[in-house]
1. Report the residue count in the stretch 236-251 for those that are within 25 Å of the chain's Cα centre (by Cα) and under 16 Å from Arg262 (Cα atoms).
2. Which one of Ser92, Ser57, Ser14 is among the polar types (S, T, N, Q) and surrounded by 15 or more Cβ atoms within 10 Å (Cβ to Cβ)?
3. May I ask you to say which residue of Asn218, Asn178, Asn173 is outside the structural domain of Leu82 (by TED's automatic domain parsing) and surrounded by fewer than 19 Cβ atoms within 10 Å (Cβ to Cβ)?
4. Give me the residue from the stretch 65-118 that is among the charged types (D, E, K, R), farther than 26 Å from Ala220 by Cα and part of a loop (DSSP other than H, G, I, E, B) and, out of that set, modelled with the lowest pLDDT.
5. Could you pull out the residue among Lys187, Lys216, Lys161, Lys251 that is in a helix (DSSP H, G or I), modelled with pLDDT under 95 and closer than 23 Å to Val59 by Cα?
6. Any idea which of (1) crowded, with 17+ Cβ neighbours inside 10 Å; (2) within 23 Å of Gln219 (Cβ to Cβ) is the one Leu125 doesn't satisfy?
7. Which residues, taken from the stretch 202-213, are at pLDDT below 90 and part of a helix (DSSP H, G or I)?
8. For residues in the stretch 219-248 being of a type outside the set (D, E, K, R) and outside any helix (DSSP H, G or I), which is farthest from Thr83 (Cα to Cα)?
Amino acid sequence: MENNFDVKKIKIISCGITDCGPDWYWDTGEGGFHDYDLWTVFRGRGVLICGGVEWDSTVGDSLLLPPNTRCVGVRELNDHLLTLNVHFNFLSDGELIYPFRGGAVHRKLYDIAFMRDILYRVIQLFNAGRKDLAEAVFSSALVEFFEHESIADDSPYGKDKGELIRKVCDMINTSPSNVPSLSEMAKKYGYSPDYLGRVFTSVAGIPISEYIKNAKLNQAKLLLASTSMTVDQIADSLGYYDACYFSRQFKRETGYTPMLYRKSKK
């Protein structure tokens with residue numbers, strides 16, 4: 001797969017935010033769109049069917065949808081989706097090119113707050129008529145999408161452990177507020193807590209407690225930027241029993257208090 005993000009090749013057709021209401025249903029029709037679509041989930045859960053392949057979609061799932069392919073999206077009844085999408089083409093000397101062929105390309109993004117900030121900036125710039133700059137910023141989103149290395153496979157515990165830790169990370173990313181204890185996860189996969197903890201650190205590069213903390217703070221960033229929830233509500237939703245402790249941890253890791261972070265994203 002070609003991996004050359006010359007910003008001169010990128011032409012954004014449209015972009016936007018979709019807050020999928022109770023009656024939301026998406027069907028591009030048999031011919032699909034005539035452009036690429038980077039489709040990323042930042043809230044909720046649903047299913048996206050592209051080219052006959054079904055993808056469960058939840059927070060952090062990002063798909064590059066190919067041109068001329070039918071896509072159908074549905075949301076779960078009680079967990080409605082919030083997605084950001086960018087429709088775009090690649091050009092060379094004014095002519096359309098198709099550097100990425102085949103079906104949809106899927107990535108599970110672990111720094112979802114970072115991608116959310118990039119895509120929001122793209123949308124703001126595009127709507128302000130600054131299309132060249134929007135396309136330059138969007139090139140960063142494509143690099144993040146294609147170069148994103150979620151978990152390394154070169155662990156002394158064996159390559160099969162990479163898939164195990166990916167599953168653990170998916171569990172944490174999907175619901176950072178309700179992460180099972182290390183003992184519960186170890187029992188689920190048939191290992192001792194000490195062994196699973198050592199494997200996680202070896203494969204992911206950080207202790208599982210740090211990973212959980214980062215996942216919670218990333219989710220807090222999204223909630224502060226995209227909802228009207230109070231700091232107390234966010235802290236409670238993420239499993240913090242002390243909102244003051246949450247605020248101190250948030251400031252220590254980001255340099256902002258939760259309220260100042262919210263103001264900076266308006």
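The values are calculated or read from the model by the stated rules, or taken from the named source; none is laboratory data. Note that the coordinates shown come from a computational prediction; the quantities given were computed from them, not determined experimentally. Note: ideal-geometry Cβ built from the backbone for every residue, glycine included; neighbour counts use all protein chains shown.
1. Residues meeting the conditions: 5.
2. Going through Ser92, Ser57, Ser14 in turn, just one is among the polar types (S, T, N, Q) and surrounded by 15 or more Cβ atoms within 10 Å (Cβ to Cβ): Ser57.
3. Details: Asn218 fails: surrounded by fewer than 19 Cβ atoms within 10 Å (Cβ to Cβ); Asn173 fails: surrounded by fewer than 19 Cβ atoms within 10 Å (Cβ to Cβ).
Testing whether each residue is outside the structural domain of Leu82 (by TED's automatic domain parsing) and surrounded by fewer than 19 Cβ atoms within 10 Å (Cβ to Cβ) leaves just Asn178.
4. Arg101
5. Just one listed residue meets the conditions, Lys216.
6. Among (1) crowded, with 17+ Cβ neighbours inside 10 Å; (2) within 23 Å of Gln219 (Cβ to Cβ), Leu125 violates only (2).
7. Ser202, Val203, Ala204
8. Tyr241
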